[in-house]
Amino acid sequence: AADVDLAKSYNDVRSKSMQFKRLTGQLAYSNTFDLGDAKFILNAKFNGFISQNVEESDPDKHERNYIKEVNKNLSLNINGNFLANTKWLTSMRFNVTTNIGHQLSEVLDAHIGELPTPYTSSLINGEHEGAFYPSQYDEIMRVDGKPLTLQMKVTANKSHTRGALNGHFIVGVEYNLKGNNGEGKTGEYLSMGMRPRSFKDVPFVNDWSLYAEEKLRLPILNTRIELQAGLRLTSVNAQDYDFATIVDPRLNIRYVFYDKKSSLFALRAGWGIQHKMPTLVHLYPDPAYMDRVSYSYLDNSTQTGIALFTTKVLDDTQNKDLLLPQSNNIELGVEVKHNKHFKFDATL
């Protein structure tokens with residue numbers, strides 16, 4: 001299957017100073033392979049899009065500015081399901097997802113008729129000579145990003161029954177990779193305290209996870225208990241950091257006191273610990289630049305002068321003692337349902 005979509009819109013049809021364009025496309029493939037007593041289901045999808053958002057100066061206004069944002073993205077998703085139904089394996093799933101993007105933004109801010117102001121772009125500590133912003137200049141900021149993400153996951157499933165006890169066990173492994181190969185932040189006449197920085201200077205980060213989960217369902221007379229217990233172990237690999245192995249357990253219990261026809265009464269409880277991955281901005285923040293004017297002189301008649309700066313560079317901005325964000329979750333709930341006219345579900 002394939003499809004293509006093209007869209008173009010304006011913020012105001014009377015003025016084309018603000019416009020948006022987007023082109024998207026998709027290719028999809030799906031097939032089922034008969035392997036005797038087993039089956040293999042394969043699905044693949046390739047997506048791509050290009051979008052452009054432009055905000056130009058309104059010709060009816062006495063100002064000049066410009067914003068342009070271009071976003072390109074290609075993604076590939078391949079997933080398969082091997083249906084075996086053997087003594088040790090019911091099914092095995094795999095999934096591979098990758099995204100490659102190119103994000104470019106450009107912002108122009110025109111400065112007209114302003115007093116010359118001293119500025120510096122020094123990248124080292126100490127005193128040095130700066131320059132003056134012209135009385136009329138274009139402050140341009142460009143951000144070029146080429147993000148890359150990759151995720152691979154394999155999960156094995158096994159359904160089992162022993163007497164009245166029904167269960168479903170899964171175990172799997174997951175790999176994630178993220179980074180950016182863009183040129184980063186550049187521009188002319190950047191604001192004080194800002195410096196260009198390439199995203200290529202930020203290392204890629206990856207992590208491995210091993211997880212397992214058991215779901216049990218046990219009837220007890222006219223009631224039943226449902227139990228779900230899981231555990232995930234994650235190892236994070238980030239340059240300059242030494243994170244300990246992350247342990248994320250969870251437990252959910254649901255007791256159904258009554259479940260007949262269209263009526264239901266059940267109580268549930270849950271507990272778990274969840275960690276979140278820090279972003280690349282938190283792991284590898286930009287260096288900080290503190291610029292102070294030591295001396296400044298400008299001849300207004302000739303618009304020439306001299307500016308001396310003292311710059312302090314804080315390039316060791318990483319927090320080596322950074323802890324991964326952690327949340328501890330506790331949940332209590334009640335479910336009540338009677339026929340099709342009444343349903344009550346509350347969670348604390």
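Using the 1.4 Å probe convention, the accessible area of segment 215-344 works out to 69 Å² per residue with neighbouring protein chains retained. Residues in segment 92-198 average 54 Å² of solvent-accessible surface per residue, probe 1.4 Å, ligands and nucleic acids excluded. Given the rule -39500 (n - 2.57) for each run of at least 4 DSSP H residues, summed and divided by the residues of the chain, what is its mean residue ellipticity at 222 nm, to the nearest 500 deg cm²/dmol? Helices in the chain give a 222 nm mean residue ellipticity of 0 deg cm²/dmol. Given the choices (i) 5, 20, 32, 28, 12, 2, 0; (ii) 4, 14, 11, 7, 10, 14, 11, 6, 5, 7, 5, 2, 1, 1, 1, 0, 0; (iii) 4, 14, 18, 21, 18, 12, 7, 4, 1, 0, P(r) over Cα pairs in 10 Å bins from 0, in percent derived from the coordinates of this structure is entry (iii). The percentage of C-alpha pairs in segment 200-273 whose separation is greater than 15 Å is 67%.
Share of carbon and sulfur in the accessible area of the chain stands at 56%, probe radius 1.4 Å. Of the chymotrypsin sites (Phe, Trp or Tyr not before Pro) in segment 146-239, not one is in a loop by DSSP (not H, G, I, E or B) with at most 13 other beta carbons within 10 Å. Among residues other than Glu331 with Cβ under 12 Å from its Cβ, the summed charge is +3 (Lys and Arg +1, Asp and Glu -1).
Just flag the trypsin sites (Lys or Arg not before Pro) in segment 76-161 sitting in loop per DSSP whose Cβ has no more than 12 other Cβ atoms within 10 Å.
Lys87
Build a GNM of the chain with springs between Cα atoms under 10 Å apart, and of Lys21, Lys261, Lys337 the one that fluctuates most is Lys261. Each residue, Val171 and Leu190, gets one label point 7 Å from its Cα in the Cβ direction; the gap between the two is 5.1 nm. For the chain, averaging the sequence separation of C-alpha pairs within contact (under 8 Å, six or more residues apart) and dividing by the residue count gives a relative contact order of 11 percent. Computed from phi, the 3J(HN,Hα) profile of segment 198-203 under the Karplus parametrisation 6.51, -1.76, 1.60 (θ = phi - 60°) reads 7, 5, 5, 6, 8, x Hz, with x in place of Gly and Pro. Relative contact order for segment 177-246: 26 percent, from Cα pairs under 8 Å spaced at least 6 residues apart, divided by residue count.
Could you compute the net charge surrounding Ser191? Neighbours are other residues with a C-beta less than 11 Å from the C-beta of Ser191; K and R count +1, D and E count -1. Combined, the nearby Lys, Arg, Asp and Glu give -2.
For the cross-link pairs Lys260/Lys340; Lys39/Lys153; Lys87/Lys260; Lys178/Lys276; Lys146/Lys320; Lys39/Lys87, the ones whose C-alpha atoms lie over 22 Å apart are Lys87/Lys260; Lys146/Lys320. Between Asn125 and Leu251, what FRET efficiency comes out of the Förster formula 1/(1 + (r/R0)^6) with R0 = 45 Å and r the beta carbon distance, rounded to 0.05? Working from the Cβ atoms, E equals 0.25. For segment 92-200, GluC sites (Glu not before Pro) meeting the loop criterion (DSSP other than H, G, I, E, B) and having at most 15 other Cβ atoms within 10 Å: Glu114.
Out of Asp291, Asp321, Asp201, any idea which swings most in a Gaussian network model of the chain, alpha carbons joined below 10 Å? Result for the chain, Cα springs under 10 Å: Asp321 fluctuates most. Remark on segment 240-348: Rg and Dmax equal 30.0, 93 Å (Cα only). Among Asn222, Asn125, Asn53, the largest mean-square fluctuation in a Gaussian network model of the chain (Cα springs under 10 Å) belongs to Asn222.
The values are calculated or read from the model by the stated rules, or taken from the named source; none is laboratory data. All values derive from a computational prediction rather than experimental measurement. Neighbour counts are summed over all protein chains in view; Cβ atoms, including those assigned to glycine, are modelled from backbone coordinates with ideal geometry. Calculation scope for accessible area: heavy atoms of the full protein, side chains included, ligands and nucleic acids excluded. Shrake-Rupley method; radii C 1.70, N 1.55, O 1.52, S 1.80 Å.
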